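Laboratory data are not the source of any read-out in this text; all were calculated from the coordinates shown. In this text the structure is predicted, and so the values were computed from the model without any measurement. Reconstructed Cβ throughout: ideal geometry from the backbone, glycine too, with neighbour counts over all protein chains shown.
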Amino acid sequence: MTISDRELIELAKKALQNAYAPYSKFKVGAAVLTKNGKVYTGCNVENSSYGLTMCAERVAVFKAVSEGEREFTKIAIVSSAGKKTFPCGACRQVLYEFADNMEIILEEDGEIYKTSLKDLFPEGFRLKEDSQ
Ligand code: THU
């Protein structure tokens, strides 16, 4: 049974509730779907040493990879801005490492918007062909 894009967005919203963003006040939630249908979520975690802040997308992917996952099909991203929130450049490179054709699911005004990592990040850096 596969999860719908709407359900993935709702899981990202749930993760956003845990965002630690006292400096920017900009909360982000992400939910990444593995090839086998499992979901890992993440939120942004800021730090008083600002550069140490970690984005929601990378928290979700790193949680998943640390549990042995390598293959991802989709990621839903939401933010407290309530508008489409695209992944930052660093997160695009991290997503590219594991899924250069990943679908990216966003939301604005309650409507789902879909794009792909291929469109957002067509020529990412890669050391080897097979990153599995
Ligand atoms: N942020 C994310 O979590 N994901 C992104 O792709 C862009 C930015 C976070 C980092 C920081 O906590 C806040 O949003 C403002 O930049």
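Checking the table 27/74; 13/35; 63/128; 83/128 against a 31 Å threshold on Cα-Cα, which pairs fail? Walk me through the intermediate numbers first.
Details: 27/74 20 Å; 13/35 21 Å; 63/128 23 Å; 83/128 35 Å.
Exceeds cut-off: 83/128.
Which ordering of 2, 115 is given by a fewest-first count of other beta-carbon atoms within 10 Å?
Going from least to most buried by this count: 2, 115.
Rounded to the nearest 20 debye, what is the charge dipole size of the chain about its Cα centre when +1 sits on each Lys and Arg Cβ and -1 on each Asp and Glu Cβ?
Working: 18 positive and 19 negative charges, 61 e Å.
That gives the chain a dipole magnitude of about 300 debye.
For the chain, what does the helix formula give at 222 nm: sum of -39500 (n - 2.57) over DSSP H segments with n ≥ 4, over the residue count, nearest 500 deg cm²/dmol?
Helix-only estimate at 222 nm: -8000 deg cm²/dmol.
If each residue's Cβ is checked for other Cβ atoms within 10 Å, how do 61, 39, 78, 32 rank with the fewest at the top?
39, 61, 78, 32
Select from 75, 104, 112 the residue whose mean-square fluctuation is largest in a Gaussian network model of the chain (Cα-Cα springs shorter than 10 Å).
Checking each option, the largest mean-square fluctuation is seen for 112.
In what order do 73, 41 fall by count of nearby beta-carbon atoms within 10 Å, going from fewest to most? Intermediate values should be presented prior to the final figure.
Working: 73 15, 41 22.
The order, fewest Cβ neighbours first, is 73, 41.
So what is the relative contact order for the chain, in percent, with contacts set as C-alpha pairs under 8 Å and at least six apart?
Values: 272 pairs, mean separation 27.8, N = 132.
About 21 percent, as a whole number.
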